[in-house]
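Q: Here's a structure for you.
Computed from the coordinates by the stated procedures, all read-outs in this text should not be read as laboratory data. The structure presented is a predicted model; accordingly, all values stated were derived computationally and were not measured. Here the Cβ positions follow ideal geometry from the backbone for every residue, glycine too, while neighbour counts run over all protein chains shown.
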Amino acid sequence: MENIDVSALTKLSLLDSGKTIKNYMSDSDYAVLETFMQDSIGIKKYTFEMLYSRLKPFYIEQLIYFKYLGQEKESYEQNFKKLAETDSKAISGLETFEEQLLFLESIPLETQLKSLTETIKSYSSEAKKLDELIELYKKQDLNELSKLIEDDEDSVLNEKLLYKRNTNWIPKLQTKIELKSCFIAVGAGHLGGENGLINLLKKQGYTVEPISTN
């Protein structure tokens, strides 16, 4: 895990110079967005226009999810990181921060706008789905979790954020696990399905079995 390059994040998270998200949305959709950000997220319309309207849709959508998750939600990534640090285990990533940003950059703006618009217009159901994803993760119900992700997400988003990255990770995983025993932690959405890491590893000849927590 590496330090975040704030300058790179800032550069890639912003729309083209002089543009705001209002330039890419209908007047009615933009009005819904402004009202939603004020009433549901707590960002006043003036503040949103001055500070946040230049963000690309994906990053605005992340603000919404972060607000919903709040302080009570558990960060499994941070938990694993703390466990490794406590035991003085070496920590490394499957991709650099710059690579992550480039994957986000490759998502078409139209796809980002569609996802953001759907999120703000059906916020209650989207929040419910997020809770359901978390519960399925806790239950280790990988089949239902993968099904929910595939049914819920845009195919372009799945291809860019999940499948392509999974394919890129396989040779890196092989290098790591052939050198020594490793604990590999990835987002649950990367595991299941035809294009998930479990199936891709099986195709490479590995035996992949669940470990019971009981």
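Q: Tell me, what is the percent relative contact order of the chain, built from C-alpha pairs under 8 Å that lie six or more residues apart?
A: Values: 142 pairs, mean separation 41.3, N = 214.
Result for the chain is 19 percent.
Q: Per 0.36 nm of contour for each residue apart, how much would the distance between Glu132 and Lys172 grow if the chain were fully extended, relative to their Cα-Cα spacing?
A: Details: separation 40, 0.36 × 40 = 14.40 nm, distance 3.09 nm.
Gain in length upon complete extension: 11.3 nm.
Q: Moving to a separate point now. For the stretch 18-100, go through all pairs of different Cα atoms, get the mean of 1/r, take its inverse, and jot down that Kirkwood value in Å.
A: After inverting the mean inverse Cα-Cα distance, the result is 15.6 Å.
Q: Quick one: which of Lys114/Lys176; Lys89/Lys203; Lys121/Lys202; Lys19/Lys82; Lys121/Lys203; Lys56/Lys180 span more than 31 angstrom between C-alpha atoms? Don't skip to the answer; put the middle values down first.
A: Numbers: Lys114/Lys176 38 Å; Lys89/Lys203 29 Å; Lys121/Lys202 40 Å; Lys19/Lys82 41 Å; Lys121/Lys203 40 Å; Lys56/Lys180 41 Å.
Pairs exceeding 31 Å: Lys114/Lys176; Lys121/Lys202; Lys19/Lys82; Lys121/Lys203; Lys56/Lys180.
Q: Sticking with this one: Using the Karplus curve 6.51 cos²θ - 1.76 cosθ + 1.60 with θ = phi - 60°, work out ³J(HN,Hα) for each residue of the stretch 97-113 in order, rounded to whole Hz, and write x for Gly and Pro.
A: 4, 4, 5, 4, 4, 5, 5, 5, 5, 7, 6, x, 4, 4, 5, 4, 5
Q: Also: Here are several values of Cα Rg over 2.2 N^0.38 Å: (i) 1.05; (ii) 0.97; (iii) 1.12. Which one was derived from the coordinates shown?
A: So the structure-derived entry is (iii).
Q: Could you compute the FRET efficiency for Tyr24 and Lys164, with r as their C-beta to C-beta distance and R0 at 35 Å, rounded to 0.05?
A: Working: r = 25 Å, r/R0 = 0.70.
Calculated value: 0.90.
Q: Given R₀ = 35 Å, what would the calculated FRET efficiency be for Phe80 paired with Lys114, taking r from the Cβ atoms and rounding to 0.05? Intermediate values should be presented prior to the final figure.
A: Numbers: r = 33 Å, r/R0 = 0.93.
With R0 = 35 Å, the Cβ-Cβ based efficiency is 0.60.
Q: Also, quick follow-up: In Å, what is the Rg of the alpha-carbon atoms in the stretch 57-129, and how long is Dmax?
A: Cα radius of gyration and Dmax of the stretch 57-129 are 16.0, 46 Å respectively.
Q: Treating only the Cβ atoms of Lys and Arg (+1) and Asp and Glu (-1) as charged, compute the dipole magnitude of the stretch 81-135 about its Cα centre; round to the nearest 20 debye.
A: 180
Q: Measuring from a point 7 Å past the Cα of Lys147 along Cα-to-C-beta, which residues in the stretch 102-128 have an amide N at less than 19 Å?
A: Only 128 pass the distance filter.
Q: While we're here: Only Lys, Arg, Asp and Glu count, each charged at its Cβ (+1, +1, -1, -1), so figure out the dipole size of the chain about its Cα centre, rounded to 20 debye.
A: In total the dipole reaches around 420 debye.
Q: So what is the relative contact order for the stretch 125-214, in percent, with contacts set as C-alpha pairs under 8 Å and at least six apart?
A: It comes to 28 percent, rounded to a whole number.
Q: Any chance you could list the semi-axes, whole Å, largest first, of the equivalent ellipsoid that the Cα gyration tensor gives for the stretch 123-214, using √(5λ)?
A: Working: eigenvalues 125, 55, 22 Å².
Ellipsoid half-lengths, sorted descending, are 25, 17, 11 Å.
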